[in-house]
Amino acid sequence: LDVQKQYIRSIVGFENAIIVRPGYAVEYDFVLPNQLAHTMQVKKIPGLYLAGQINGTTGYEEAAGQGIIAGINAHLYTHGKDPYIMSRQEGYIGVMIDDLVTLGVDEPYRMFTSRAERRLTLRQDNVFYRLADTSRKLGLISQELYQQIQDEQALVEQSVTRLKKGSANDDLLKLLGRDETNITRIHELTNHQLNNRAALAVWAQIRYEPYLKRDQREMEKAEKMQELEIPLSMDFKSLPGLSKELQEKLSKYKPRTIAQAALISGMTPAAIAILIFKIKEHHRAHIPQNEASLAKEYYYE
């Protein structure tokens, strides 16, 4: 209270202010999450798994996501089996955990869709199809449920193929409409063979197809450039096209390669493309003429 009084009364006009109800904060200790492995196990204490606010996150969903991975791996550990690590391409839980253990935190972590590079793929309508194989392998779902998911996925793929075959893509998009919540037309076109989730998956695959293909091309380009070194002299804050947040994070972490830069939370395929382009520009300007031909394939193509 004494600090609050001192601060408030330092403001012009509030020299004699009276605080009727002081502000308060809830504080708690946490483990630096870069002390954890991707399995949620403490690196220096085998068999100890942590999840939730103790890892520097905030929010119930974040805690639940860490909790299920920690629980799965605690079970695998006690049964002498290989651990399970969810990749960034598999789900948002994988994105969150990779951010935490790779970059650490300097403020309470929340999971935003913008942190994921493949958010067009990580959709709610296809989550069963994405994680069914892993779930069955880990024993989290029954064989009966797994078969139901497989059958539904096959039906979705068949429906997409049949609809695309029946009309040009532009005409089909007009026919389906832009409102993803209005899937009545999908049901009509597929003779009501799909449930609402499957119908939404059909809509999404057709609607996002060109964007998904473009996203895949960008990812493939970035993968080819994973080991491309970032010049030590590069001034990230002068790079146009990058958000202020990304400029600050790049300046703070100073990644040495494109692979390291791609791990920074909030980094997008578009931002990686800008970074690669600027590195190429830098090397065009600084590589001696007699060495340019040797570097051409690596840096320019």
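Taking the conditions exactly as written (open to solvent by less than 30 Å² (accessible area, probe 1.4 Å), among the hydroxyl-bearing types (Ser, Thr, Tyr) and under 30 Å from GLU218 (Cβ atoms)), does TYR92 satisfy them or not? Taking the combined requirement at face value, the residue does not satisfy it.
For the stretch 6-24, give me the residue count where each residue is of a type in the set (A, V, I, L, M, F, W, C) and open to solvent by less than 100 Å² (accessible area, probe 1.4 Å). I'd like the intermediate steps shown before the answer.
From the stretch 6-24, those of a type in the set (A, V, I, L, M, F, W, C) are 8, 11-12, 14, 17-20; that's our starting set.
Subsequent filtering for residues that are open to solvent by less than 100 Å² (accessible area, probe 1.4 Å) retains 8, 11, 17, 19.
Count: 4.
Kindly indicate whether any position in the stretch 99-107 is of a type in the set (A, V, I, L, M), closer than 26 Å to GLN216 by Cβ, touching a residue at least 60 places away in the same chain (Cβ under 8 Å) and buried (at least 17 other Cβ atoms within 10 Å of the Cβ). Yes - at least one qualifying residue is present in the stretch 99-107. All of LYS43, LYS81 fail the test of being exposed (fewer than 15 other Cβ atoms within 10 Å of the Cβ), touching a Leu at 6+ places or on another chain (Cβ under 7 Å) and charged (D, E, K, R), apart from LYS43.
ARG162: assigned to a helix (DSSP H, G or I), out of contact with any Phe, Trp or Tyr (no Cβ under 6 Å at 6 or more places or on another chain) and open to solvent by 90 Å² or more (accessible area, probe 1.4 Å), yes or no? Steps first, please.
Values: assigned to a helix (DSSP H, G or I): yes; out of contact with any Phe, Trp or Tyr (no Cβ under 6 Å at 6 or more places or on another chain): yes; open to solvent by 90 Å² or more (accessible area, probe 1.4 Å): yes.
So ARG162 fits the description; yes.
Of the residues making up the stretch 192-236, those that are in contact with a strand residue (DSSP E or B) (Cβ under 9 Å, 6 or more places away or on another chain) and open to solvent by 70 Å² or more (accessible area, probe 1.4 Å) are GLU227, GLU229.
Summed over the stretch 237-274, the residues that are open to solvent by 70 Å² or more (accessible area, probe 1.4 Å), under 22 Å from ARG214 (Cβ atoms) and within 18 Å of the chain's Cα centre (by Cα) give a count of 0.
The values are calculated or read from the model by the stated rules, or taken from the named source; none is laboratory data. As the structure is a prediction and not an experimental result, all values here were calculated from the model. Cβ sites come from the backbone with ideal geometry, for glycine too, and all protein chains shown count toward neighbours. Each accessible area value is taken on the protein alone, full model and side chains, heavy atoms only, with ligands, DNA and RNA left out. Shrake-Rupley method; radii C 1.70, N 1.55, O 1.52, S 1.80 Å.
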